[in-house]
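Each value in this text was obtained by applying a stated rule to the coordinates, not by laboratory testing. Please read all numbers here as calculations on a predicted model, not as lab measurements. Heads up, the Cβs are rebuilt from the backbone with ideal geometry, glycines too, and the neighbour counts pull from every protein chain shown.
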Amino acid sequence: MIRDLILKNRSYRRFYQEVAIELETLRELVDLARLSASAANMQPLKYILSCAPQKNALIFPHLGWAGYLKDWPGPGEGERPSAYIVVLGDTEIKQSFSHPDHGIATQSILLGATDKGLGGCILAGVEKQGLRDALRIPTRYEILLVLALGKPKETVVIETVGPTGDIKYWRDSEGTHHVPKRLLDDIILS
Ligand SMILES: Cc1cc2nc3c(=O)[nH]c(=O)nc-3n(C[C@H](O)[C@H](O)[C@H](O)COP(=O)(O)O)c2cc1C
């Protein structure tokens, strides 16, 4: 079951924008992050939730989508995420965010979203000052990641990394997104 959930939990970048996500759903997802592991149990992460079109529109322009798809500027109007979770580090709790707390938190959220029939994408490609200004995020909080969420409108399939070792994902002429993964025997060293 966990394998099925992880297989289904791909990075989705195009959505049925008209399918709304309730604030309560976002709260339930952040609760999964709250219950996840945290280095020294410091729990320094804080979250900004967005599921209203106007607030979503403030966030979208500051996100960088699919760097390997050079000709694709990101999802167009109508295919954009219906919600976001902005993941922040509270510098009054911790000064550096080198521990992977935010990676673990976002994975918990994405697995929860997948379980609810939703999907999303972790975005580190964030124009942080612009986002800070747009959402008026106080300097106390470091912007770590943005999670885009919605009802996926694209098919994503896993491929095997070939002999050239190319790990770049690609999109075929039908719009299916292909993601190469390294073989198990290539990542287990001993
Ligand atoms: C820490 C982290 C940062 C990421 N940042 C971006 C990003 O800025 N833009 C984007 O389109 N995808 C981003 N991704 C998604 C990756 O491109 C994606 O995980 C990868 O292509 C593998 O696809 P998969 O998630 O379907 O396995 C990020 C993923 C992670 C874990």
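Given points 7 Å out from each Cα along the Cα-Cβ axis, report the SER190 to ALA37 separation in nanometres with one decimal.
Reported label-point gap for SER190 and ALA37 is 2.3 nm.
Give me, ordered by chain and number, the residues 5 or more places off GLY125 or on other chains with an amide H under 5 Å from its own placed amide H.
Those qualifying (amide H under 5 Å, at least 5 residues apart or on another chain) are GLY64.
Can you tell me what share of the DSSP beta bridges in the chain is antiparallel? A percent to the nearest 5 is fine. Walk me through the intermediate numbers first.
Details: 23 of 29 bridges.
Among the beta bridges of the chain, antiparallel pairing accounts for roughly 80 percent.
Aspartates and glutamates within cross-link reach of LYS116: Cα-Cα under 18 Å, excluding same-chain residues under 8 positions apart?
Result set, ordered by chain and number: ASP4, GLU18, GLU22, GLU24, GLU28, ASP31, GLU154.
Given +1 on the Cβ of Lys and Arg, -1 on the Cβ of Asp and Glu, and no further charges, what dipole in debye does the chain carry about its Cα centre, rounded to the nearest 20?
Values: 23 positive and 23 negative charges, 51 e Å.
Dipole of the chain, to the nearest 20 debye: 240 debye.
Volume per residue, Å³, of the convex hull around the alpha-carbon atoms of the chain? Working shown, then result.
Numbers: hull volume 27.9 nm³, N = 190.
Cα-based convex hull of the chain, divided per residue, equals 147 Å³.
Within segment 1-81, which trypsin sites (Lys or Arg not before Pro) sit in a loop by DSSP and count at most 14 neighbouring Cβ atoms inside 10 Å?
On the way: sites: ARG3, LYS8, ARG10, ARG13, ARG14, ARG27, ARG34, LYS46, LYS55, LYS70; in loops: ARG10, ARG13, ARG14, LYS70.
Sites meeting the loop and neighbour criteria: LYS70.
I'd like the Karplus ³J(HN,Hα) series for segment 7-17: coefficients 6.51, -1.76, 1.60, θ = phi - 60°, whole numbers in Hz, and an x wherever there's a Gly or Pro.
My calculation for segment 7-17 gives 5, 6, 7, 8, 7, 9, 10, 10, 9, 7, 4 Hz in order.
How high is the relative contact order of the chain, given as a whole-number percent (alpha carbon pairs under 8 Å, six or more residues apart)? Each step should come with its number before you reach the end.
Working: 332 pairs, mean separation 55.7, N = 190.
So the answer I get is 29 percent.
With +1 on the Cβ of every Lys and Arg and -1 on the Cβ of every Asp and Glu, and nothing else charged, how large is the dipole of segment 89-148 about its Cα centre, in debye rounded to the nearest 20?
Values: 6 positive and 7 negative charges, 19 e Å.
Charge dipole of segment 89-148: 100 debye, to the nearest 20.
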